[in-house]
């Protein structure tokens, strides 16, 4: 059974849509932070729709840059990934993410996939304090919120509203795609190296990680032709007026 606080969040979700419930969700869950990401584009990359507070946004960007962590695992498996104390996670599970998360100040994470069956639409991420791990009520509330967000993304309509519409998945894909440069850069690197898109994205992520830069920032350099990936031996370089 959900708490009264979460019941209020779900009522707000039905009336106002998926936007505007981030802070209320964090408060109802008793979480250090929350983030909702939806899968967009041909590569099905996780695009943040909302985050609260700013630490959640930074952690979402970290997972996106590295391509590893609890959110990618939850999306891949379709099952919740509950790690309220990252110090208890085996280092080899997320070798790049764990030290970076600790440095950032993230010490516990629980992720709940959004989807039905084989359909995946996104992930709800909850940041935790290991000193106050989530209890059964908080897990129940997070599960209920993930289910409601799933339906909001897939359906987009509520029978009790005539003129208010919750954004559906297609609207989320077109209205909140802030990482279009990553898709474009991946395609350019694929052509430059003659490799599949999946390998091109890995190369882009590796370069961003090695330079300790956000993935989107590196992608912008590729799109603007300030950075070019020549081959697997020499790696990327910054050409003078080079063409992608």
Does any residue of region 173-181 turn out to be modelled with pLDDT of 55 or more and surrounded by 16 or more Cβ atoms within 10 Å (Cβ to Cβ)?
-> yes
Scan region 19-34 for residues that are at pLDDT 90 or above and in a loop (DSSP other than H, G, I, E, B) and jot them down.
-> 30, 31, 32
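Per-residue answers, yes or no, for (1) at pLDDT below 95; (2) farther than 22 Å from residue 65 by Cβ; (3) touching a helix residue (DSSP H, G or I) at 6+ places or on another chain (Cβ under 6 Å); (4) surrounded by 19 or more Cβ atoms within 10 Å (Cβ to Cβ):
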{"position": "109", "(1), (2), (3), (4)": "no, no, yes, yes"}
{"position": "112", "(1), (2), (3), (4)": "no, no, yes, yes"}
{"position": "116", "(1), (2), (3), (4)": "yes, yes, no, no"}
{"position": "122", "(1), (2), (3), (4)": "yes, no, no, yes"}
{"position": "130", "(1), (2), (3), (4)": "yes, yes, no, no"}
{"position": "137", "(1), (2), (3), (4)": "no, yes, no, no"}
{"position": "143", "(1), (2), (3), (4)": "no, yes, no, no"}
{"position": "152", "(1), (2), (3), (4)": "yes, yes, no, yes"}
{"position": "156", "(1), (2), (3), (4)": "yes, yes, no, no"}
Matching residues, region 73-92, being at pLDDT 95 or above and closer than 21 Å to residue 204 by Cα | 73
Any chance residue 66 is at pLDDT 95 or above and more than 22 Å from residue 118 (Cβ to Cβ) | no
For residues in region 35-57 being at pLDDT 90 or above and more than 24 Å from residue 201 (Cβ to Cβ), which is surrounded by the most Cβ atoms within 10 Å (Cβ to Cβ)?
-> 52
The residue from 208, 148, 219 that alone is modelled with pLDDT of 55 or more, in contact with a helix residue (DSSP H, G or I) (Cβ under 6 Å, 6 or more places away or on another chain), under 30 Å from residue 14 (Cβ atoms) and assigned to a helix (DSSP H, G or I) is 148
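The values are calculated or read from the model by the stated rules, or taken from the named source; none is laboratory data. It should be emphasised that the depicted structure is a prediction, and the values quoted were computed from it without experimental measurement. In this analysis, Cβ positions are derived from the backbone assuming ideal geometry, glycine residues included, and neighbour counts consider all displayed protein chains.
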